[in-house]
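A short write-up of the structure that comes next.
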Amino acid sequence: MTITKLNTAAEIKSAVDAGKTVYCDGGGYKVIKTGDDYLIKYSYGDYCVGLTGMPGTKYEDSLNGSNFYIEE
């Protein structure tokens, strides 16, 4: 198994769009796409947070996690 680290929102979005499972900060969190939005979803409940901060704020380009990766 190979682990590929993803460092930017663009890399993460591209991997999700390609059908890959992207994990965030451990296997309990996965990045999903709903409509045009990319969310970090807690696998053991319905809790989600945006991939990045809210648009129009100083956090809009900041990832809401620190360790994004795919396993292949």
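Structure above, values below:
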{"read-out": "Subset tally (residues that are among the hydroxyl-bearing types (Ser, Thr, Tyr), open to solvent by 60 Å² or more (accessible area, probe 1.4 Å) and not in a helix (DSSP H, G or I)) for region 1-56", "value": "8"}
{"read-out": "Residues being more than 17 Å from THR8 (Cα to Cα) and of a type outside the set (Gly, Ala, Ser) - total across region 30-70", "value": "9"}
{"read-out": "Any chance GLU60 is over 9 Å from the mean Cα position of the chain (by Cα), surrounded by 12 or more Cβ atoms within 10 Å (Cβ to Cβ), outside any strand (DSSP E or B) and modelled with pLDDT of 95 or more", "value": "no"}
{"read-out": "Pairs where the first residue, in region 51-72, is charged (D, E, K, R) and the second is surrounded by 12 or more Cβ atoms within 10 Å (Cβ to Cβ), C-beta under 7 Å, 6+ apart", "value": "GLU60/THR52; GLU60/GLY53; ASP61/THR52; GLU72/THR4"}
{"read-out": "Exclusive hit being small (Gly, Ala, Ser), at negative phi and at pLDDT 90 or above, set GLY27, GLY53", "value": "GLY53"}
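The values are calculated or read from the model by the stated rules, or taken from the named source; none is laboratory data. Remember, predicted model here, so these are calculated numbers, not experimental data. A quick note on method: Cβ atoms are made from the backbone with ideal geometry, for glycine too, and the neighbour counts reach across all protein chains shown. Calculation scope for accessible area: heavy atoms of the full protein, side chains included, ligands and nucleic acids excluded. Shrake-Rupley method; radii C 1.70, N 1.55, O 1.52, S 1.80 Å.
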